[in-house]
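Structure, as structure tokens:
The values are calculated or read from the model by the stated rules, or taken from the named source; none is laboratory data. Every value quoted in this text rests on a predicted model; they were computed, and no experiment measured them. Cβ coordinates were reconstructed from backbone atoms using ideal geometry, including for glycine residues, and neighbour counts include every protein chain displayed.
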Amino acid sequence: MVFWGLSFVATKIALESLPTFTLVFARFGLGSCLFLALMVRYGLPRFTLRTHAKLLLTATFEPGLYFIFETIGLQHTTAPKAALIIALTPIVVLFLAFLFLGERNSPRSLFGVFMSLLGISVLVGGDPQFRWTLRGHLLGDLLIFGAVISAALYIVCARDLGRTHSAREITSMQTLYGALFYLAPFLLELPEIQWSAVSGRSLGALAYLTVFATFGAFLCYNYGLTKVPAARASVFINGIPVVTALGAWLLLGEKLTIFQATGGLLVLLGVYLANLPGSQTEPRQLGATLS
């Protein structure tokens, strides 16, 4: 979550001189090169065609559709409203994990999920620039909700794959398929790129996004999903805006109010409560549910 939280600051810097899909393709393309180096060291992962289909589906949800929905959605709605909608991800995961994996959570965990959502609301509402409007943003809101569904489906699929495969194997193929997903949009942007205008500051941000926000963060999160139920793991996502707010305050000089800090503490408390030891069932395999 620390890697992903700071990625919003890095993305803002990288987009100063790099087009959107060029940045995303470069991020996952270079990340794929790092994983290919691991494959040379440890050998190629062995997957059945059925597993490859699951991996392709996982990568289609995230990074594939998630970043498209989020990128286009933010062009049609406000960032605060988008943050609130994305904070619904753990609630969607609760439903999907129960439906497809048979995961059940204790009342204390459910309380933690809703406390983290309350914390996000306070964090967003505490921004001095916060303005709430319901007009003219329906398309953007729907696209951001599409990002929520994509993220939730990714978490459930990765949790299912993590029962039989290592995080390194899952993340390597997810990153490779993700790069292929963005190849076509990158080729459309390619003729308009002014390479001489790309700054060293943007390239440094791209390096961070490749090494930490892609290679490191997805590897850590997929490893976590091999150990932690999907619903509990998803609550940590609400910690991302907390890290982003702190990072923007420290690195970009943006303001951080007491109200926002209070919201951040509520989020962290909610994550803590949701992950206390409690009664949870052993998840069943996704394939058994779908068949």
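General remarks:
- Per-region count, segment 243-264, residues surrounded by 15 or more Cβ atoms within 10 Å (Cβ to Cβ), within 19 Å of E16 (Cβ to Cβ) and free of Cβ contacts under 8 Å to residues at least 60 places away in the same chain: 1
A quick yes/no check of all residues on (1) under 19 Å from the mean Cα position of the chain (by Cα); (2) without any contact (Cβ under 8 Å) to a residue 24 or more places away in the chain:
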| site | (1), (2) |
| --- | --- |
| F3 | yes, no |
| F8 | yes, no |
| I13 | yes, no |
| S17 | no, no |
| V24 | yes, no |
| L30 | yes, no |
| C33 | no, yes |
| L38 | no, no |
| Y42 | no, no |
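- Inclusion of T226 among residues that are part of a helix (DSSP H, G or I), buried (at least 22 other Cβ atoms within 10 Å of the Cβ) and β-branched (V, I, T) is not warranted.
- Only listed residue being modelled with pLDDT of 95 or more, under 30 Å from G162 (Cα atoms) and either out of contact with any helix residue (DSSP H, G or I) (no Cβ under 9 Å at 6 or more places or on another chain) or not aliphatic (A, V, I, L, M) (or both), chosen from T289, T210: T210
- Scanning segment 97-128 for residues that are part of a helix (DSSP H, G or I), more than 24 Å from A82 (Cβ to Cβ) and among the hydroxyl-bearing types (S, T, Y) yields a single hit, S109.
- For segment 7-85, the helices (runs of 4 or more DSSP H) that sit wholly inside it and include 2 or more residues that are buried (at least 16 other Cβ atoms within 10 Å of the Cβ) and in contact with a Pro (Cβ under 8 Å, 6 or more places away or on another chain) are 20-42.
- Any pair with Cβ under 6 angstrom, 6 or more apart, that starts in segment 46-60 at a residue that is in contact (Cβ under 8 Å) with a residue 12 or more places away in the chain and closer than 14 Å to R163 by Cβ and ends at one that is surrounded by 12 or more Cβ atoms within 10 Å (Cβ to Cβ) and of a type in the set (D, E, K, R): none
- Looking only at segment 229-262, residues that are more than 20 Å from L110 (Cβ to Cβ), assigned to a helix (DSSP H, G or I) and of a type in the set (G, A, S) come to 4 in all.
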